[in-house]
Amino acid sequence: MTQTPQPRRARAEIDLGALRANVRTLRARVAPHVQLMAVVKADAYGHGAVRCARAALDAGATWLGTATPHEALALRAAGLTEARIMCWLWTPGDPWAEGIEAGLDMSVSAMWALEEVFEAARRTGRRARIQLKADTGLGRNGCQPADWPELVGEALKAEAQGLVKITGLWSHLACADEPGHPSIAGQLDVFRTMLDYAEKAGVEPEVRHIANSPATLTLPEAHFDLVRPGIALYGVSPDPAVGTSAELGLRPVMSLKASVALVKHVPGGHGVSYGHHYTTPGETTLGLIPLGYADGVPRHASGRGPVLVGDRVRTVAGRVAMDQFVVDLGGDTPEPGTEAVLFGPGDRGEPTAQDWAEAADTIAYEIVTRIGARVPRVYVGE
């Protein structure tokens, strides 16, 4: 069989075998009756939504989750026609009718959204599947407790008229990645109160859910009927306070690699990259890595980002530019084309996404999600 040649400039290797193993690990963390939603928003956190969605479903996920309706509709268009798909970030004028026709579960947080759902249901002649979102303390999307009776009441009236089916009640945690944070228990109390009100009013939800990745891993009392892991699917720890990927039984799915484009000898005192924020301390060799901030390499990691070249971890020398950055090779002379690994699982001593997050003063979510479309995804572990 002819093998497809690997992209030479750069590539993000996506290990679908690792993703499936992560789904199974997460499933083992919850009770048998609890369903698992694989969150594949933002192109599966940069990993490729369609391929990752299929792998997650193969491994036992029963729902898919996206932020925008357009992401959800793209999954349907790609052939994922049977899976339950929920999407939650709607704005006025969004494609409610298309969502109804595609059989999406659509989140509703306010009366304006409920009214647009009603109009779309009348126009299509089909019942909309909706999930009511409660703001239990995160302060982003979701209905405030004071407005909950009106939202629940109007949704129930529409359900009686055959316009909607209320399939779920849900919320989102603010500080689940900080074990022991007092807001966690507070939000769970508010959620239970809002659930109790809705169910006594007559809502019969298929699923009640609030657990994101850290809650799936550490808070069994937050599992309810369904958990919604996102970053954990991709083998990245939600936060070092929760545990490392290895400690959590997860394997990072993405490895970011490039080919060294140029190696050259330079004298001491030679400036490197824009602004000369790095000058060589003595005679040395420099290696050019053909990735930059246009590809998602964070400029904030200038002078700090780690890269494995050969058998040694090097550090970004000077500023990360749009398309490239430099590492000081300390006199080593690897051949052009030698593999440089920015991050991966860490098995071979290569840096991890968490290492880059620390170098850029950010979170590992951002490191993997920001890798741009110019970097080809190469899927392994099929």
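The values are calculated or read from the model by the stated rules, or taken from the named source; none is laboratory data. This is a predicted model, so every value here is computed, not measured. Cβ atoms come from the backbone with ideal geometry, glycine included; neighbour counts cover every protein chain shown. These area figures cover heavy atoms from the full protein model, side chains too; ligands, DNA and RNA do not enter into them. Shrake-Rupley method; radii C 1.70, N 1.55, O 1.52, S 1.80 Å.
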Item to check | Average accessible area per residue (Å²) across the range 318-362 - probe 1.4 Å, nucleic acids and ligands excluded | outcome: 41 Å²
Item to check | Dipole of the chain [Lys/Arg +1, Asp/Glu -1 at C-beta], most positive-end residue of Ala201, Gly305, Ala97 | outcome: Ala97
Checklist entry - Ignoring ligands, DNA and RNA, what percent of the 1.4 Å accessible area of the chain is carbon and sulfur? => result 51 percent
Next on the checklist: Test of the criteria: in the range 82-150, which GluC sites (Glu not before Pro) are in a DSSP loop and have at most 13 other Cβ atoms within 10 angstrom of their Cβ?
Outcome noted: Glu82
Checklist entry - What number, rounded to the nearest 500 deg cm²/dmol, is the helix-based mean residue ellipticity at 222 nm of the chain, given -39500 (n - 2.57) per DSSP H run of at least four residues and division by all its residues? => result -8000 deg cm²/dmol
Next on the checklist: Need one word for the range 190-240: rounded, prolate or oblate. Basis is the Cα gyration tensor (sqrt eigenvalues a ≥ b ≥ c); a/c below 1.5 gives rounded, then a/b vs b/c decides.
Outcome noted: prolate
Checklist entry - For the range 274-288, what does the Karplus curve 6.51 cos²θ - 1.76 cosθ + 1.60, with θ = phi - 60°, yield as ³J(HN,Hα) per residue in whole Hz, taken in order and with x for Gly and Pro? => result 4, x, 6, 6, 10, 10, 5, x, x, 4, 7, 10, 10, x, 9
Item to check | Per residue solvent-accessible surface (Å²) - the range 51-200, probe of 1.4 Å | outcome: 42 Å²
Next on the checklist: Quick check: from the Cα gyration tensor, does the range 298-382 come out rounded (a/c under 1.5), prolate or oblate?
Outcome noted: rounded
Item to check | Cβ-based charge dipole, the chain, positive-most Cα from Met254, Gly139, Ala128 | outcome: Met254
Checklist entry - Expressed in nm to one decimal, what extension gain is obtained for the pair His277 and Arg304 from 0.36 nm per residue of sequence separation less their Cα-Cα distance? => result 8.5 nm
Checklist entry - Relative contact order of the chain: what whole-number percent is it, with Cα pairs under 8 angstrom and at least 6 residues apart? => result 18 percent
Item to check | Nearby lysines by direct alpha-carbon distance to Lys165 (threshold 20 angstrom, same-chain neighbours under 8 apart not counted) | outcome: Lys133, Lys157, Lys200
Item to check | Top of Ala185, Ala18, Ala59 by mean-square fluctuation, Gaussian network on the chain, Cα under 10 Å | outcome: Ala185
Item to check | Spin-label pair Thr62/Arg122, simplified geometry with 7 Å Cα→Cβ offset, distance in nm | outcome: 3.5 nm
Checklist entry - About its Cα centre, what dipole magnitude does the chain give when the only charges are +1 on Lys and Arg Cβ and -1 on Asp and Glu Cβ, stated in debye to the nearest 20? => result 780 debye
